[in-house]
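Enquirer: First, the structure itself, so that you have it in front of you.
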Amino acid sequence: MSQESTKTTLGFATRAIHVGQEADPTTGATVVPIYATSTFTQEAPGSHKGYEYSRSGNPTRAALETCLASLEGAEQALAFASGLAASTAVLSTLRPGDEIVASADLYGGTYRLLERVCRPMGIIPRYTEDSAPDAFKSLTTSKTRMIWIETPTNPLLQILDIEGVARVAHEAGAILAVDNTFASPYIQQPIRFGADLVVHSTTKYIGGHSDVVGGAVMGPKNLLEPIKFYQNAAGGVPGPFDAWLTLRGLKTLAVRMERHNANAIELASWLESRREIERVYYPGLFKHLGHSLAGRQMNGYGGMISIRLQGGGPAARKLLTSTRLFSLAESLGGVESLISHPATMTHASIPAEVRAARGVDDGLVRLSVGIEDVRDLRSDLEQALDRLGE
Ligand SMILES: *Cc1c(COP(=O)(O)O)cnc(C)c1O
């Protein structure tokens, strides 16, 4: 099915299964094959079927890229070996002296990339603790080239106004890049709200089965041109096996996300009633500050929940080792439920004072709610919370 004919007429779930995934032209294979080849035989020098060498292009990767572009409502997508390789490719468009404004509530690896890789190269990152569009505006200068946000944020699940921040970026002559990993394209399509580039760790919801690491960048062709150049020149591409696994996971994104949404909202409401818990962070709850904004820019509230325990660090440690179905592990977005401790795991590289000031203290626990039977997930959390009183 050609991308053009499907873009406007077919629904999300159908596009996830069909776009870029026509029957194989040479064999009729219904499922896109894993083209495990580094090179492609040419009929005469320079005369080939569109592929020369797998760093520059591979048919399995191309199928994934075509499908990802359609799902984000973007002109084009580029796949990378990891989410951070995708972020690096976007940041490679900045030059010494350029400034980038980011929200302070940022994936730890992105913060490390900005501070330890970009800053030494002369790029100047600035961070805002306040996530309102005006706060970004106050940090922009004539040298600002890019604004970088995540929404919902990790781990406090704040909701940022994509449209508002896009307006600030464009007024400053900058572009807006949105890391859409926590939402997935099923729940949120930032380009619809004015974002210029979308970045994903496909390791999470897009792959969905915790069995492959990958990343992607989506956007208009003119902005992706230097990023595509970088993809080939720097070479951080996914292999055909990884591209295939990601594409296989992607096919069920719509049904998985519906279940993540349903399970998470049910657990979040129930967790609110537990006396061991001081606060539940979930954008689907009415009292969440970003609830109405989330309702406008998201299709469901996602599968991530954070909780702050009354008993602080000791209670968190006990909970983290008491669950049986929720595995104690980093990462998120897979079919299986995970529990993690941002302070010592994903956010350990951030100095303790900075973390605490942002609310990421030792009593905070993050849940990636999977797609198991929700009553089993609830009983698991229940038996673990009951043990906190012992
Ligand atoms: C995991 C993650 C990344 C990094 O992706 P990798 O695939 O691990 O390189 C970036 N942003 C967010 C929000 C993530 O959760």
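The values are calculated or read from the model by the stated rules, or taken from the named source; none is laboratory data. None of the values given here were measured: they were computed from a predicted structure. Because the Cβ atoms are built from the backbone with ideal geometry, glycine has one as well, and the counts that use them run over all protein chains shown. Only protein heavy atoms, including side chains, enter the accessible area calculation; ligands, DNA and RNA are left aside. Shrake-Rupley method; radii C 1.70, N 1.55, O 1.52, S 1.80 Å.
Enquirer: For the stretch 96-130, which residues satisfy the criterion of being within 15 Å of the ligand (Cβ to nearest atom), touching a strand residue (DSSP E or B) at 6+ places or on another chain (Cβ under 6 Å) and not in a helix (DSSP H, G or I)?
Expert: Within the stretch 96-130, Ala102, Ser103, Ala104 qualify.
Enquirer: Moving to a separate point now. Quick check on the stretch 363-390: of everything there that is of a type outside the set (A, V, I, L, M) and in contact with a strand residue (DSSP E or B) (Cβ under 9 Å, 6 or more places away or on another chain), which residue is farthest from Arg275 (Cα to Cα)?
Expert: My answer is Gly370.
Enquirer: Inside the stretch 189-304, counting only helices (runs of 4 or more DSSP H) that do not spill past its ends, which hold 1 or more residues that are within 16 Å of the ligand (Cβ to nearest atom)?
Expert: Output list reads 221-234, 240-250, 253-272.
Enquirer: Starting from the stretch 82-95, keep only residues that are closer than 12 Å to Val117 by Cα, then list their pairs with residues that are open to solvent by 10 Å² or more (accessible area, probe 1.4 Å) and of a type in the set (Ser, Thr, Tyr) whose Cβ atoms are within a distance under 8 Å, requiring at least 6 positions of separation or different chains.
Expert: That search, which allows pairs on different chains as well, returns Leu84/Ser201; Ser92/Tyr230.
Enquirer: Give the residue that is surrounded by the most Cβ atoms within 10 Å (Cβ to Cβ), with candidates limited to residues of the stretch 56-87 that are among the charged types (D, E, K, R) and either within 12 Å of the ligand (Cβ to nearest atom) or more than 16 Å from Val32 (Cα to Cα) (or both).
Expert: Ranking the qualifying residues of the stretch 56-87, first place goes to Glu72.
Enquirer: Turning to a different aspect of this structure: Checking Lys204 against (1) more than 20 Å from Asp242 (Cα to Cα); (2) open to solvent by 10 Å² or more (accessible area, probe 1.4 Å); (3) not small (Gly, Ala, Ser), which test does it fail?
Expert: (1)
Enquirer: Report every pair of residues separated by at least 6 positions or lying on different chains whose Cβ atoms are under 6 Å apart, first residue within the stretch 134-155 and modelled with pLDDT of 95 or more and in a loop (DSSP other than H, G, I, E, B), second of a type in the set (S, T, N, Q) and away from the ligand (no atom under 16 Å from the Cβ).
Expert: Leu139/Thr128
Residues are listed down the side, and each one gets a yes or a no for (1) more than 16 Å from the ligand (Cβ to nearest atom); (2) outside the structural domain of Leu114 (by TED's automatic domain parsing); (3) at pLDDT 95 or above; (4) not β-branched (Val, Ile, Thr):
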{"residue": "Arg324", "(1), (2), (3), (4)": "yes, yes, yes, yes"}
{"residue": "Leu328", "(1), (2), (3), (4)": "yes, yes, yes, yes"}
{"residue": "Leu332", "(1), (2), (3), (4)": "no, yes, yes, yes"}
{"residue": "Val335", "(1), (2), (3), (4)": "yes, yes, yes, no"}
{"residue": "Pro342", "(1), (2), (3), (4)": "no, yes, no, yes"}
{"residue": "His347", "(1), (2), (3), (4)": "no, yes, no, yes"}
{"residue": "Ala352", "(1), (2), (3), (4)": "yes, yes, no, yes"}
{"residue": "Ala356", "(1), (2), (3), (4)": "yes, yes, no, yes"}
{"residue": "Asp361", "(1), (2), (3), (4)": "yes, yes, no, yes"}
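Enquirer: I'd like the full set of residues that are in contact with a Lys or Arg (Cβ under 8 Å, 6 or more places away or on another chain), under 26 Å from Lys204 (Cα atoms) and open to solvent by 60 Å² or more (accessible area, probe 1.4 Å), limited to the stretch 260-287.
Expert: Once the filter is applied, which keeps residues that are in contact with a Lys or Arg (Cβ under 8 Å, 6 or more places away or on another chain), under 26 Å from Lys204 (Cα atoms) and open to solvent by 60 Å² or more (accessible area, probe 1.4 Å), the stretch 260-287 yields Glu266, Arg279.
Enquirer: Within the stretch 131-151, can you find the residues that are open to solvent by 10 Å² or more (accessible area, probe 1.4 Å) and either outside the structural domain of Pro185 (by TED's automatic domain parsing) or in contact with a strand residue (DSSP E or B) (Cβ under 7 Å, 6 or more places away or on another chain) (or both)?
Expert: Selection gives Ser131, Ala135, Leu139, Thr140, Thr141, Lys143, Arg145.
Enquirer: From Val354, Val369, which residue is without any contact (Cβ under 8 Å) to a residue 12 or more places away in the chain and within 27 Å of Tyr111 (Cα to Cα)?
Expert: Val354
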